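Everything on this sheet refers to the single structure shown next.
The values are calculated or read from the model by the stated rules, or taken from the named source; none is laboratory data. As the structure is a prediction and not an experimental result, all values here were calculated from the model. Glycine gets a Cβ as well: all are built from the backbone with ideal geometry, and neighbour counts include every protein chain shown.
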Amino acid sequence: MPEVTMENGDGDVPEIVVERTLALIKPDAVHRAEEIEEIVLESGFTILQKRRIHLTPEQTSDFYAEHYGKMFFPSLVAYMSSGPIIAMVLARENAIGYWRELAGPTNSFKARETHPDSLRALYGTDDQRNAVHGSDGVTSAEREIRFMFPDSIVEPIPAGMVARDYLARAVNPTLLKGLTELCKQKPEDPCMWLADWLLSNNPNKPQVADRYAVQEPM
Ligand code: CMP
């Protein structure tokens, strides 16, 4: 997998570009979701967002619109709307390529022959019930993330100087306050204490309750 780097503007140190991709755990593999998520995390991905949803056939047709007209389209729609799926936004360096590599070939039979450690080899059944989906490029990742997480803001993840500026402006002042308070309080479990402190002192926390979100329980 080629390394994805970006000029940082102040020298030749290459920077890692963090990407996001949409991953789906399909109906046939939802009962193995915990194992799959463990593999996802062990493979260096961060799960930024996750929801369990049951798509209608109409929503499924929209999601897979690019396959409209193909022989397998009607059965793909029936299958993907046959039960709940798990949608995740994954982030890491070159997330789109790495997730596709981890998923393996579309056809689970072929995956078992050529990529026996891939998710489709391990959890898929055939060429349609292939356990997981992944976006195939930057544009489709953006569209698919918006489709499954309509409230999310898909902005480029900052890197280099931009990230350092952002941390200095928006994160470090709060963190410094929390750490100072932590030193004063000396709690038994400093990590949990700091996590709770940050939750209740987050200056950016939403002021309006998320009343309208209807979601299947995880
Ligand atoms: P996915 O990565 O979600 O993208 C489109 C899906 O269509 C694919 O995984 C499979 O589930 C399905 N698919 C692709 N090719 C075929 C095929 N030849 N027969 C049946 N289903 C297919």
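Restricting to the stretch 170-201, count the residues that are surrounded by fewer than 11 Cβ atoms within 10 Å (Cβ to Cβ) and not in a helix (DSSP H, G or I).
3
What helices (runs of 4 or more DSSP H) completely inside the stretch 11-86 contain at least 1 residues that are within 13 Å of the ligand (Cβ to nearest atom)?
Details: elements: 33-42, 57-63, 73-80.
Counting at least 1 such residues, we get 57-63, 73-80.
Restricting to the stretch 148-166, what's the tally of residues that are more than 13 Å from the chain's Cα centre (by Cα), part of a helix (DSSP H, G or I) and surrounded by 12 or more Cβ atoms within 10 Å (Cβ to Cβ)?
Total meeting the criteria: 6.
Restrict the check to the stretch 139-155 and report whether at least one residue is within 16 Å of the ligand (Cβ to nearest atom) and charged (D, E, K, R).
yes
Can you find a residue in the stretch 5-17 that is under 19 Å from the mean Cα position of the chain (by Cα) and either modelled with pLDDT of 95 or more or surrounded by fewer than 17 Cβ atoms within 10 Å (Cβ to Cβ) (or both)?
Yes, because at least one residue in the stretch 5-17 is under 19 Å from the mean Cα position of the chain (by Cα) and either modelled with pLDDT of 95 or more or surrounded by fewer than 17 Cβ atoms within 10 Å (Cβ to Cβ) (or both).
Select from the stretch 111-135 the residues that are among the charged types (D, E, K, R) and surrounded by fewer than 15 Cβ atoms within 10 Å (Cβ to Cβ) and write down the one among them that is farthest from the ligand (Cβ to nearest atom). Walk me through it before giving the result.
Filtering the stretch 111-135 down to residues among the charged types (D, E, K, R) leaves 112-113, 117, 120, 126-127, 129.
The next check asks that each one be surrounded by fewer than 15 Cβ atoms within 10 Å (Cβ to Cβ); those that pass are 113, 117, 126.
Details: Glu113: 16, Asp117: 18, Asp126: 8 Å.
Top of the filtered list is Asp117.
Inside the stretch 87-110, can you point out the residues that are of a type in the set (Gly, Ala, Ser) and more than 10 Å from the ligand (Cβ to nearest atom)?
Hits for the stretch 87-110 are Ala87, Ala91, Ala95, Gly97, Gly104.
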